[in-house]
1. Of all residues in segment 167-217, how many are at pLDDT 95 or above and within 18 Å of I240 (Cα to Cα)?
2. Which one of A31, A19, A8 is without any contact (Cβ under 8 Å) to a residue 12 or more places away in the chain, aliphatic (A, V, I, L, M) and over 20 Å from L93 (Cα atoms)?
3. Would you tally the residues in segment 46-80 being more than 9 Å from the ligand (Cβ to nearest atom), outside any strand (DSSP E or B) and of a type in the set (S, T, N, Q)?
4. Restricting to segment 4-21, name every residue that is more than 16 Å from the ligand (Cβ to nearest atom) and closer than 18 Å to I200 by Cα.
5. Scan segment 179-199 and tell me whether some residue there is within 28 Å of T15 (Cβ to Cβ), in a strand (DSSP E or B) and away from the ligand (no atom under 16 Å from the Cβ).
6. Is it the case that some residue within segment 97-107 is within 16 Å of the ligand (Cβ to nearest atom), under 14 Å from the mean Cα position of the chain (by Cα) and either free of Cβ contacts under 8 Å to residues at least 40 places away in the same chain or more than 25 Å from I35 (Cβ to Cβ) (or both)?
7. Residues of segment 22-42 being in a strand (DSSP E or B) and either among the aliphatic types (A, V, I, L, M) or near the ligand (Cβ under 8 Å from one of its atoms) (or both), which ones?
8. If F99 meets every condition in (1) crowded, with 20+ Cβ neighbours inside 10 Å; (2) closer than 15 Å to R159 by Cβ apart from one, which number is that one?
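The values are calculated or read from the model by the stated rules, or taken from the named source; none is laboratory data. Just so it is clear, the model here is predicted, and its values are computed rather than measured. Note: ideal-geometry Cβ built from the backbone for every residue, glycine included; neighbour counts use all protein chains shown.
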Amino acid sequence: MSDPSLLAVEGLKATYVNAITALDGVGFTLARGEILALLGANGAGKTTTLKALSNLLPAERGQITGGHIRFAGLDVTRTRPADLVRAGLVQVLEGRHCFPSLTVEENLVSGGLGRGATRREIASDLDKVYAHFPRLTEKRRILSGLTSGGEQQMTAIGRALMSRPRLLVLDEPSMGLAPIVVQDICRTLRRLNREEGLSILVAEQNAAVALRFAHRAIVLENGVTVLSGTASDLKARDDIKAFYLGHK
Ligand code: ATP
């Protein structure tokens, strides 16, 4: 039987070299065209989960000690990070990681070069990114390191889009940004989801932002999935309101 989900994570366990158990049973699925939020407090295991999805834990001196991850039919732990990008799993890491001494446009182009795109494909994908993020059009010739935090986040997302993702994974995209900038970015991502069917997985400490943005969410606590549900169900739960939305 074919697997209807784009991403399936089951019983995921992971430890770091210092013997810290970061994940102790994380499980969720993400359907094609879905926006799923991964919620949890500081240290709950969100970043570790995202790194595991791209098979990046070995580079962090961590390892998966149990469970399975399948993305688009691939066994993630047996697939190299670069091959996962080629298969369409593309991450925007925490802290944005633009190349500060390259221009905004050079940063964007690097996303296309990474997947071996032709010049013509790069030109047409650039046009699309500028249409989604008009702010970047004005800044295209500016060094990325000289642009604002919001513009750097847009550049990092734009660069990821240049890799033509099937699943875009974002780690704490709202961190350090003004609410109006976060709103603008979330609106653009929702449009990409609606119009182009882009699937999105977003890890967020800011549950209020994430539950407005996502269709569904799971909550991690100490490396374990403790809750999952639709965004509207979770928003209505008193325990979620108290712990994550900051009011009772
Ligand atoms: P944050 O929002 O602070 O990034 P998080 O939910 O993303 O939190 P993780 O960063 O995944 O949580 O951390 C889960 C656990 O793993 C924590 O106990 C953390 O201290 C530990 N940890 C994370 N990265 C490493 C590392 N490179 N080496 C050792 N331990 C780590």
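1. Result for segment 167-217: 6.
2. Numbers: A31 fails: without any contact (Cβ under 8 Å) to a residue 12 or more places away in the chain; A8 fails: without any contact (Cβ under 8 Å) to a residue 12 or more places away in the chain.
Only one candidate qualifies: A19.
3. 4
4. To start, the set of residues in segment 4-21 that are more than 16 Å from the ligand (Cβ to nearest atom) comprises 4-8, 10-11.
Scanning segment 4-21 gives P4, S5, L6, L7, A8.
5. Here is the first cut: in segment 179-199, the residues within 28 Å of T15 (Cβ to Cβ) are none.
Within segment 179-199, none of the residues are within 28 Å of T15 (Cβ to Cβ), in a strand (DSSP E or B) and away from the ligand (no atom under 16 Å from the Cβ).
6. Start the filter on segment 97-107 by keeping residues that are within 16 Å of the ligand (Cβ to nearest atom), which leaves 97.
Remaining after also requiring under 14 Å from the mean Cα position of the chain (by Cα): 97.
Narrowing the set further to residues that are either free of Cβ contacts under 8 Å to residues at least 40 places away in the same chain or more than 25 Å from I35 (Cβ to Cβ) (or both) leaves none.
No, there is no match, as no residue in segment 97-107 is within 16 Å of the ligand (Cβ to nearest atom), under 14 Å from the mean Cα position of the chain (by Cα) and either free of Cβ contacts under 8 Å to residues at least 40 places away in the same chain or more than 25 Å from I35 (Cβ to Cβ) (or both).
7. Our first condition is that a residue be in a strand (DSSP E or B); within segment 22-42, this holds for 22-31, 35-39.
Once the filter is applied, which keeps residues that are in a strand (DSSP E or B) and either among the aliphatic types (A, V, I, L, M) or near the ligand (Cβ under 8 Å from one of its atoms) (or both), segment 22-42 yields A22, L23, V26, L30, A31, I35, L36, A37, L38, L39.
8. The one condition F99 does not meet is (1).
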